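Where a number appears in this text, it was derived from the coordinates with a stated rule and is not lab data. These figures come from a predicted structure and were not determined experimentally. A quick note on method: Cβ atoms are made from the backbone with ideal geometry, for glycine too, and the neighbour counts reach across all protein chains shown.
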Amino acid sequence: MLDDGFVCLVDCMGDDAAIVQAARVSYGAGTKKVSDDRTLIRYLLRHRHTTPFEMAEIKLLVRVPMDCWRQWIRHRTANVNEYSTRYSVAIDSAQSTSPGEWRSQSSVNRQGSGEFLPEETGRRLSESERECQQVAARLYSERLEAGVARAQARNDLTLCTYTDAYWTVALHNLLHFLSLRMDEHAQWEIRQYATTIGEKIIQPLFPVVWEAFVDYRCGGMFLSRLDVGVIERLTASARETGAGAPHSEEAFLAAQDPTWADLTRCRERDECREKLVRLGILAAE
Ligand SMILES: Cc1cc2nc3c(=O)[nH]c(=O)nc-3n(C[C@H](O)[C@H](O)[C@H](O)COP(=O)(O)OP(=O)(O)OC[C@H]3O[C@@H](n4cnc5c(N)ncnc54)[C@H](O)[C@@H]3O)c2cc1C
């Protein structure tokens with residue numbers, strides 16, 4: 001992962017069948033054909049019957065830059081044991097950024113990244129990153145050599161220093177983690193880890209669950225009551241005027257939710273517009 005990270009499957013309890021087995025306690029014996037198992041898993045995931053997905057558990061060993069780990073550790077429903085830089089010397093590795101990997105600040109999302117910066121700028125930034133990491137590593141070893149406690153010597157290590165951790169999590173909570181961290185709104189670095197865990201580890205271990213997860217969580221679309229109202233008004237006016245999809249921006253604004261109408265900027269309206277464009281109901285601008 002990245003330049004020096006990894007994700008390693010240590011242990012796994014359960015499989016698709018374990019979820020079906022747990023669910024059948026509540027749903028009764030029923031039929032037991034493979035196709036029924038698939039139908040049952042898809043039903044459970046679609047309708048958020050979550051506890052059967054807690055019957056399977058995965059233990060990973062991961063190596064992650066500390067800034068990425070700071071996001072990861074916010075997922076409280078996992079069991080964690082992390083490498084201690086009070087007890088041991090810090091891992092002698094920090095994530096480095098190659099010249100083509102520097103991203104600009106997004107102009108539309110305050111948390112997001114935009115386009116890649118020009119390679120020439122990137123070369124300068126990669127060089128100064130290397131210098132900074134070298135200075136930090138030198139300070140750290142000088143402090144250790146001078147007898148400073150490891151707990152204090154680490155204070156100026158860069159945020160992209162790698163850390164190792166065991167991470168044990170129930171499948172249900174892992175899917176929640178993946179749905180948030182594989183999403184395009186998550187930071188690129190943690191997205192790389194989440195996508196790898198999903199596609200390389202969970203997909204082969206739980207193929208039916210994975211298929212349902214991709215269908216209902218990753219590839220699905222959530223429509224709020226307000227979104228549904230916009231679609232209903234759009235189609236109703238189209239019936240009257242005979243206009244077909246894709247509808248115009250003007251028609252969209254006429255059909256928007258009344259609570260959005262007075263707002264010059266409205267994120268919810270923008271998100272609704274994006275959904276309708278994706279569905280082909282609205283013309284792309
Ligand atoms: C794109 C993105 C941007 C983010 N930006 C920020 C940010 O700017 N600042 C920031 O601080 N965080 C930020 N976060 C972190 C986010 O707010 C969550 O803390 C993180 O994603 C963990 O989600 P979670 O609590 O649902 O997961 P988990 O901790 O795994 O919890 C899973 C579920 O269990 C339940 N649960 C767990 N613990 C409790 C509890 N103590 N009380 C009640 N219910 C509980 C909740 O239903 C929760 O959804 C961001 C996350 C993402 C994905």
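The number of residues in segment 140-175 being within 16 Å of the ligand (Cβ to nearest atom) and over 30 Å from F53 (Cα atoms) comes to 1. For D270, state whether it is assigned to a loop (DSSP other than H, G, I, E, B), within 33 Å of the chain's Cα centre (by Cα) and either within 26 Å of G220 (Cβ to Cβ) or not charged (D, E, K, R) (or both). It is false that D270 is assigned to a loop (DSSP other than H, G, I, E, B), within 33 Å of the chain's Cα centre (by Cα) and either within 26 Å of G220 (Cβ to Cβ) or not charged (D, E, K, R) (or both). Being touching a Gly at 6+ places or on another chain (Cβ under 7 Å) and outside any helix (DSSP H, G or I) is a description that does not apply to S96. Of E211, E129, all but one fail to be surrounded by 15 or more Cβ atoms within 10 Å (Cβ to Cβ), farther than 30 Å from E54 by Cβ and of a type in the set (D, E); the exception is E129.
Restricting attention to segment 62-85, the residues being surrounded by 13 or more Cβ atoms within 10 Å (Cβ to Cβ), more than 12 Å from the ligand (Cβ to nearest atom) and closer than 18 Å to L157 by Cβ number 10. For the structure I just gave you, tell me whether R267 is without any contact (Cβ under 8 Å) to a residue 24 or more places away in the chain and within 16 Å of the ligand (Cβ to nearest atom). Answer is yes for this residue.
Filtering segment 99-122 to residues that are within 14 Å of the ligand (Cβ to nearest atom) and outside any loop (DSSP other than H, G, I, E, B) leaves only S113. Looking at segment 176-201, which of the residues that are among the β-branched types (V, I, T) and within 16 Å of the ligand (Cβ to nearest atom) is nearest to S107 (Cα to Cα)? Among them, the one singled out is I190.
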